[in-house]
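Below: the structure, in structure tokens.
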Amino acid sequence: MSRSVRTRPEGSGQALSEAYDTALLDLDGVVYAGGSAIAHAVESLATAREGGMHLAYVTNNALRTPDTVAAHLTELGIPTGAEDVITSAQAVARLISEQVPQGARVLVIGGEGLRVALRERGLVPVESADDDPAAVVQGFGGPDLPWGRFAEASYAVARGVPWFASNTDLTIPSGRGIAPGNGAAVEVVRIATGAEPQVAGKPLPPMHRETILRTGARRPLVVGDRLDTDIEGAFNGEVDSLLVLTGVTDGPQLLAAPPQHRPTYVDADLRGMLGSQPEVADAGEGAFRCGGWTATAGADRLELDGEGEALDGLRALCAVAWTAAGEGVCELDGEKALARLGI
């Protein structure tokens, strides 16, 4: 199926929390960082929920169970039930259950979230490659996951046991900075075996399917901070997305985004769900205007004139960069223009 290439962030005269029935929210870098809520998240989500928007929390982190995630969110001041949490552990467990017999043993390299999700699908978690597993599943196990667990996975995979991964995010944000994610652990087994896992998590279709099945969303809005998981997942699912700048994505990465990484909307944080989104207008001759800013493409760099809200300037720059890039990646230098915005 062919899709038109997005060349600018879209505007919306209606609040996003009213235009969409369900927000599919990433957690790390969007709702919280480490153990603390991100600024404006609690009150923004409360307002959206009171206005009738269904809030669902969608995470590639397979370590914690939905009950644990819901309890954490509730402690932060965001009332949440386990049914409102969708994890990559659930997505990969469904994927495995479609390929192995009911009651089959599955070697688990990861945490309790994977074990609970497998049991929900009628599968039996085991700990050793010698337990005759029908599959191997690997998910984020946290900083204390023993190195020997990777050896168990490698032994089984080398024997031809089908290998699954909850997700392949190379990094994960924490309260102290950016840490290695499950993708880094998957690389260990890949290097040892030369095999390739089946992957369920964002941005791949199994995770989107799991989310829609569990939420019943009819007009969902994906809200995330990562271009290569959240925004690409929305692209693959053919739904709209809101990128918030509270996590790992910065200005240069956004300007250089290829088509599958270009969000529908861009905002600073979750307050962006509550209001309208400004229009990015074609000003002619390759220029784009948003708010008080006008962006253009010079010979080798992006230019910005005007004044106003920094985010409006960023949106205008995105339009110029994405238009110049077409189906590729913008190679124009945006450093000076972004510095003017303080981004």
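The table below gives the values:
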| item | result |
| --- | --- |
| Mean separation of Cα contacts under 8 Å, 6 or more apart, over the residue count of the chain: relative contact order % | 20 |
| Structure-derived Cα extents along the principal axes in Å: which label, when the choices are (1) 74, 60, 27; (2) 68, 46, 35; (3) 66, 44, 41 | (3) |
| Neighbour net charge for Gln277 - beta-carbon separation under 9 angstrom, K R +1, D E -1 | -2 |
| Electrostatic dipole magnitude of the stretch 281-341 [Cβ: Lys, Arg +1; Asp, Glu -1; Cα centre; debye, to 20] | 100 |
| Nearest 10 degrees, 0 to 90: helix 41-50 Cα axis against the chain principal axis | 90 |
| Percent of beta bridges antiparallel (DSSP, the chain, rounded to nearest 5) | 35 |
| Contour minus Cα-Cα distance for Leu213 and Glu279 (0.36 nm per residue) | 20.5 nm |
| Calculated FRET value between Ser128 and Ala82, using beta carbons and R₀ = 41 Å, to 0.05 | 0.85 |
| Inter-part distance where the stretch 125-193 and the stretch 71-96 are each reduced to a Cα centre, Å | 21 |
| Thr74/Glu335 FRET efficiency (R0 35 Å; Cβ-Cβ; nearest 0.05) | 0.25 |
| In degrees, nearest ten, helix 182-193 long axis to first principal axis of the chain (Cα) | 50 |
| Calculated P(r) of the stretch 89-199 - Cα pairs past 16 Å, % | 53 |
| Förster radius 30 Å - calculated FRET efficiency between Ala19 and Gln253 (Cβ-Cβ, nearest 0.05) | 0.70 |
| Charge-dipole axis of the stretch 1-138 as Lys and Arg at +1 and Asp and Glu at -1 on Cβ define it, positive-most pick from Ser12, Ser128, Gln99 | Ser12 |
| Least to most buried among Lys202, Lys336 (fewest other Cβ within 10 Å first) | Lys336, Lys202 |
| In degrees, nearest ten, helix 66-75 long axis to first principal axis of the chain (Cα) | 50 |
| Average Cα contact separation per residue, the stretch 89-199, under 8 Å, 6 or more apart, as relative contact order % | 24 |
| Rounded to 5, the percent of DSSP beta bridges in the stretch 89-199 classed as antiparallel | 25 |
| Computed [θ] at 222 nm, helices only, for the chain once each DSSP H run of length n ≥ 4 contributes -39500 (n - 2.57) | -9000 deg cm²/dmol |
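Laboratory data are not the source of any read-out in this text; all were calculated from the coordinates shown. In this text the structure is predicted, and so the values were computed from the model without any measurement. Please note: Cβ atoms are built from the backbone with ideal geometry, for glycine as well, and neighbour counts cover all protein chains shown.
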